[in-house]
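The values are calculated or read from the model by the stated rules, or taken from the named source; none is laboratory data. In this text the structure is predicted, and so the values were computed from the model without any measurement. Reconstructed Cβ throughout: ideal geometry from the backbone, glycine too, with neighbour counts over all protein chains shown. Just so you know, the surface numbers come from the protein's heavy atoms only, side chains and all, with ligands and any DNA or RNA stripped out. Shrake-Rupley method; radii C 1.70, N 1.55, O 1.52, S 1.80 Å.
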Amino acid sequence: QLKRWVAIKLLSHDLEGPEAITRFLREARAVAQIGSHHVAHVMDADVLPNGQPYIVMEYLKGRDLAAWIASDGKLSVAQAVDCILQALEAIAEAHALSIIHRDIKPGNLFATRSAGGDMLIKVLDFGLAKSNLSLDTLAPGITERGAVLGTPSYMSPEQFMDAQEADVRSDIWALGATLF
């Protein structure tokens, strides 16, 4: 009705289960709290009549850093540092809200353009995020002790051993691995 482009993220039918739906809706709630222009904005989330949850998000034009590197090769040092510094802004705000991303990697950093035409990095996919938001009414602690969540090449050692142990340092480790 608003005549504007949006992205609609649906939970795959093969992933639908109580834990997956809880995690999916927690992602929407967590991201909606982050006001940074370096995070794709969430506008709404709900469950369709057939039980499939969805998230309505800002539509982005561009590509993630994994696709960029695969297509064009390594970024220059200046480009890589700029991307990580922008991602750090988003992650710092998430951390201030007690949100730990737990899956930072090139595929979750999206390069788009600002209204002024400058490159703008958006951190995507907070689906594995750990949140302690007091306004989160969904079930806390849905990650089992000893579970491995994330992408191993970018995970801190403590996160690899137990995803519940991931904290702000785990995201910083992942950003460093991504920069490397």
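Can you give me the solvent accessible area of SER153 with a 1.4 Å probe, rounded to the nearest 10 Å²?
Ignoring ligands and nucleic acids, SER153 comes out at about 90 Å².
Would you mind computing, in nm to one decimal, how far apart the modelled labels at HIS13 and LEU48 are, each placed 7 Å from Cα along Cα→Cβ?
Between HIS13 and LEU48, the simple spin-label model gives 0.9 nm.
Might you work out the accessible area of TRP68 for me, using a 1.4 Å probe with all protein chains in place, and round it to the nearest 10 Å²?
30 Å²
For the chain, modelled as a Gaussian network with Cα springs under 10 Å, which listed residue fluctuates most, ASP44, ASP103, ASP125?
ASP44
Keeping every protein chain present and rolling a 1.4 Å probe, give me the accessible area per residue for the chain in Å².
Accessible area per residue, the chain: 55 Å².
State, as an integer percentage, the relative contact order of the chain based on alpha-carbon contacts under 8 Å between residues 6 or more apart.
Relative contact order here is 22 percent.
At a probe size of 1.4 Å, how large is the accessible area of MET43, to the nearest 10 Å²?
Estimated to the nearest 10 Å², MET43 gives 90 Å².
Sort ARG102, ARG29 by accessible area with a 1.4 Å probe, largest first.
Correct descending sequence by accessible area is ARG29, ARG102.
Leaving out ligands, DNA and RNA, what percent of the accessible area of the chain is carbon and sulfur, probe 1.4 Å?
58 percent
LEU120's amide H: which non-local residues (gap 5+, or another chain) put their own amide H closer than 5 Å, with H modeled 1.01 Å from N in plane and none for Pro or chain starts?
Correct list: THR112, ARG113, SER114.
Using the alpha carbon gyration tensor of the stretch 19-75, what are the three equivalent-ellipsoid semi-axes (square root of 5 times each eigenvalue), largest first, in whole Å?
They are 28, 14, 11 Å, listed largest first.
Could you check which residue among ALA80, ALA92, ALA40 shows the biggest mean-square fluctuation in a GNM of the chain with a 10 Å Cα cutoff?
ALA80
Return the Cα extents of the stretch 14-108 along principal axes one, two and three, sorted largest first, each rounded to a whole Å.
Sorted from largest, the Cα extents of the stretch 14-108 read 47, 31, 22 Å.
Bin width 10 Å, alpha-carbon pairs only: give the P(r) of the chain as whole percents, running from 0 to the bin holding the largest distance.
Pairs per bin, as whole percents: 9, 37, 37, 15, 2.
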